[in-house]
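Just below is one structure, and these are the notes that go with it.
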Amino acid sequence: MHERAVRREDTIRDEDVAESQLATRRANFRCIAFRDPVDGVEHLALVLGSASEDVLVRIHSECLTGDVFGALRCECGDQLRLALDRIADEGSGVLVYLRGQEGRGIGLVAKVRTQVLQDSRGLDTVDSATALGYPVDTRDYGPAARLFRRLGVRSVRLLSNNPDKARALETSGIAVVQRLPLLAPANEQNLGYLTAKRDRLAHDLPHIGAHVAE
């Protein structure tokens, strides 16, 4: 297992954590809110069971438009629901909801500005960001790794189509024994977005080719 020295400032402090039970339609989760010691942002985790090895996990970046309002131009809301279903079906796992990561880290206002360019000029999700001077992806998965260490999670099966996410966890000292696909159905609104993620950001989305062929 990949090991990493953990500095004191990398440890989530007890005074920055609150925990309760959260009953949902899927399961009764441990609901853990925590303030990360590095980014200072308050994040949330839903925990089912108490496994420490090969834990089924999802690290989900906040997407207000997709997660809350069901926007069709991305697959974020569908992925969130699919991940919770998978964890509930297994009876064990952790979903970490990372806040402050809208638009791959550029923020909500900037994300909406990129969408204006996508609609008016036909730019994809990458070019619309860089055209406005924004970075393509600034997300940091360190808060999730720090939460996993607090929970005693040493190795995970990661629900993600993004190889970079697995590499980031490994770098943070969390062993990724398997990366499992989380393929939300494509639709007319998000096909271009998913294609750009596959072709330009190296996300594993094999179902997109099948959708195009239809």
Given Val41, Val47, which one is at pLDDT 95 or above, within 18 Å of Arg157 (Cβ to Cβ) and not aromatic (Phe, Trp, Tyr)? Val47
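Please determine whether any residue of region 10-19 is assigned to a strand (DSSP E or B), in contact with a Pro (Cβ under 7 Å, 6 or more places away or on another chain) and under 25 Å from Leu108 (Cβ atoms). Let's see the steps before the verdict.
First, the residues of region 10-19 that are assigned to a strand (DSSP E or B): 17-19.
Next, only the ones that are in contact with a Pro (Cβ under 7 Å, 6 or more places away or on another chain) stay: none.
No, region 10-19 contains no residue that is assigned to a strand (DSSP E or B), in contact with a Pro (Cβ under 7 Å, 6 or more places away or on another chain) and under 25 Å from Leu108 (Cβ atoms).
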Could you count how many residues in region 99-143 are among the small types (Gly, Ala, Ser), out of contact with any Leu (no Cβ under 8 Å at 6 or more places or on another chain) and surrounded by 18 or more Cβ atoms within 10 Å (Cβ to Cβ)? 5
Out of Leu46, Leu82, Leu64, I need the residue that is in contact with a Leu (Cβ under 8 Å, 6 or more places away or on another chain), among the hydrophobic types (A, V, I, L, M, F, W, C) and closer than 15 Å to Leu182 by Cα. Which one? Leu82
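Return yes when Leu169 is assigned to a loop (DSSP other than H, G, I, E, B) and either buried (at least 17 other Cβ atoms within 10 Å of the Cβ) or in contact with a strand residue (DSSP E or B) (Cβ under 8 Å, 6 or more places away or on another chain) (or both) and no when it is not. Full working, then the answer.
Numbers: assigned to a loop (DSSP other than H, G, I, E, B): no; either buried (at least 17 other Cβ atoms within 10 Å of the Cβ) or in contact with a strand residue (DSSP E or B) (Cβ under 8 Å, 6 or more places away or on another chain) (or both): yes.
Here the answer is no, as Leu169 does not meet what is asked.
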Would a scan of region 70-87 turn up a residue that is under 12 Å from the mean Cα position of the chain (by Cα) and assigned to a loop (DSSP other than H, G, I, E, B)? yes
Selection over region 1-37 where residues are over 23 Å from Ser160 (Cα atoms) and modelled with pLDDT under 95 yields a count of 7
Any idea which residue in region 12-26 is surrounded by the fewest Cβ atoms within 10 Å (Cβ to Cβ), counting only those that are among the charged types (D, E, K, R) and within 22 Å of the chain's Cα centre (by Cα)? Arg25
Exactly one condition in (1) touching a residue at least 24 places away in the same chain (Cβ under 8 Å); (2) exposed (fewer than 15 other Cβ atoms within 10 Å of the Cβ); (3) closer than 18 Å to Arg30 by Cβ; (4) of a type outside the set (Ser, Thr, Tyr) is false for Val96; which is it? (2)
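Each row is one residue, and each column tells you yes or no for (1) assigned to a helix (DSSP H, G or I); (2) more than 14 Å from the chain's Cα centre (by Cα).
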residue: Gly103; (1), (2): yes, no
residue: Arg113; (1), (2): yes, yes
residue: Ser120; (1), (2): yes, yes
residue: Ser128; (1), (2): yes, yes
residue: Ala145; (1), (2): yes, no
residue: Leu158; (1), (2): no, no
residue: Val176; (1), (2): no, yes
residue: Ala186; (1), (2): no, yes
Could you grab the pairs with beta carbons closer than 8 Å, sequence gap of 6+ or different chains, first residue in region 177-190 and closer than 16 Å to Arg157 by Cβ, second one among the aliphatic types (A, V, I, L, M) and in a loop (DSSP other than H, G, I, E, B)? Leu183/Leu205
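The values are calculated or read from the model by the stated rules, or taken from the named source; none is laboratory data. Every value quoted in this text rests on a predicted model; they were computed, and no experiment measured them. Glycine gets a Cβ as well: all are built from the backbone with ideal geometry, and neighbour counts include every protein chain shown.
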